[in-house]
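Student: If you scroll down you'll find the structure; I have some questions about it.
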Amino acid sequence: MKFFIDTANLSDISEAEALGVLDGVTTNPSLMAKEGITGTENILAHYTKICDLVSGDVSAEVIATDLDGMIKEGEALAALHPQIVVKLPMIADGVKACKYFSDKGVKTNVTLVFSAGQALLAAKAGATYVSPFIGRLDDISTDGLTLIEEIRMIYDNYGFQTQILAASVRHTMHVINCAKIGSDVMTGPLSSITGLLKHPLTDSGLAKFLEDYAKGN
Ligand code: G3P
């Protein structure tokens with residue numbers, strides 16, 4: 001399973017990259033705003049900085065909600081850097097824009113996906129990635145992981161190449177369960193990646209090894 005980090009924070013991105021396990025980055029307008037990045041020029045410059053920090057795909061989201069606007073913005077984003085993936089919302093014009101970009105060989109990520117039907121549409125439109133938001137489904141007492149399982153089954157039934165990018169991942173158990181049920185990618189905060197490192201038996205075992213080594217030296 002690929003690990004993407006879901007943030008626009010350059011320090012978190014660098015830390016995940018330094019760990020050597022990072023395959024890409026996802027962002028959205030809320031994550032940009034959280035870092036105080038506002039205004040088109042600043043946002044575009046920030047995407048370039050992110051691309052310079054990592055070697056994998058970097059999802060950059062359009063703001064327009066009409067087809068022409070999405071195509072215009074998506075083309076500008078794709079022209080920024082070869083690592084950019086154009087992120088489009090799951091609405092009718094987003095599906096049309098996805099088809100437009102996939103026909104042109106531009107990578108796409110269809111976001112704000114909350115149902116298997118939406119994921120099927122994204123795959124039919126040739127999306128590179130589909131982003132089901134599992135944490136937000138959990139928030140409303142609906143099992144987000146069940147949606148990943150349903151999409152996995154549908155894509156496998158027909159050999160769709162669209163990669164399932166589990167999004168709105170909040171913690172380590174989301175990461176582990178996504179891996180168990182065959183999500184292609186997960187995107188979450190830095191803590192969902194570094195949290196995988198932690199085990200008290202690792203810490204106590206290492207302390208004991210070092211203590212015993214010191215006795216003989
Ligand atoms: O990848 C989607 C993500 O940014 C949404 O996460 O935690 O706001 O539901 P969250």
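The values are calculated or read from the model by the stated rules, or taken from the named source; none is laboratory data. Just so it is clear, the structure is predicted and the values come from calculations on it, not from any experiment. All Cβ positions, even for glycine, are placed from backbone atoms using ideal geometry, and neighbour counts span all protein chains on display. Accessible surface is based on the protein model in full, side chains and every heavy atom, while ligands, DNA and RNA are left aside. Shrake-Rupley method; radii C 1.70, N 1.55, O 1.52, S 1.80 Å.
Student: What does the accessible area per residue of the chain come to in Å², with a 1.4 Å probe and no ligands, DNA or RNA counted?
Tutor: Details: 10740 Å² over 217 residues.
Using a 1.4 Å probe on heavy atoms only, each residue of the chain averages 49 Å².
Student: Excluding residues fewer than 8 places away in the same chain, name every one of the aspartates and glutamates whose C-alpha is closer than 14 Å to that of LYS34.
Tutor: ASP6, ASP12
Student: Now a separate question. Lysines near LYS99 by alpha-carbon distance under 18 Å, same-chain residues fewer than 8 away left out - which ones?
Tutor: LYS72, LYS87, LYS107, LYS124
Student: Springs between alpha-carbon pairs under 10 angstrom, Gaussian network model over the chain: which of ALA16, ALA60, ALA33 fluctuates most?
Tutor: Highest fluctuation of the listed residues: ALA33.
Student: Which percent of the accessible area of the chain is formed by carbon and sulfur heavy atoms (probe 1.4 angstrom)?
Tutor: Whole-percent figure for carbon plus sulfur exposure: 57.
Student: Which trypsin sites (Lys or Arg not before Pro) from region 151-211 combine a DSSP loop assignment with at most 14 other Cβ atoms within 10 Å?
Tutor: Numbers: sites: ARG152, ARG170, LYS180, LYS198, LYS208; in loops: ARG170, LYS198.
Counting only loop positions with at most 14 other Cβ atoms within 10 Å, the trypsin sites (Lys or Arg not before Pro) in region 151-211 are LYS198.
Student: Can you tell which of LYS124, LYS104, LYS49 shows the greatest fluctuation in a Gaussian network model of the chain with Cα springs below 10 Å?
Tutor: Judging by the Gaussian network model, the answer is LYS104.
Student: So which aspartates and glutamates pass the test for LYS180, namely a Cα distance under 12 Å, with those fewer than 8 places away in the same chain ruled out?
Tutor: Those aspartates and glutamates meeting the cut-off are GLU149.
Student: Springs between alpha-carbon atoms under 10 Å, Gaussian network over the chain: tell me which of VAL86, VAL54, VAL21 tops the mean-square fluctuations.
Tutor: Judging by the Gaussian network model, the answer is VAL21.
Student: A further question follows. So what's Rg/Rh here for the chain, counting alpha carbon atoms and using the Kirkwood radius for Rh?
Tutor: Here Rg/Rh amounts to 1.05.
Student: Could you list which residues have their amide H under 5 Å from that of VAL58, counting only those 5 or more apart in sequence or on another chain, with H placed in the peptide plane?
Tutor: VAL25, ILE84, VAL85
Student: I would also like to ask the following. Let me spell out the model: positive unit charges on the Cβ of Lys and Arg, negative unit charges on the Cβ of Asp and Glu, origin at the Cα centre of the chain. What dipole size does that give, in debye rounded to 20? Could you put the intermediate results ahead of the total?
Tutor: On the way: 17 positive and 26 negative charges, 53 e Å.
Value, rounded to 20: 260 debye.
Student: Add -39500 (n - 2.57) for each DSSP H run of 4 or more in the chain, then divide by its residues: what number comes out at 222 nm, to the nearest 500 deg cm²/dmol?
Tutor: One gets -16000 deg cm²/dmol as the mean residue ellipticity at 222 nm.
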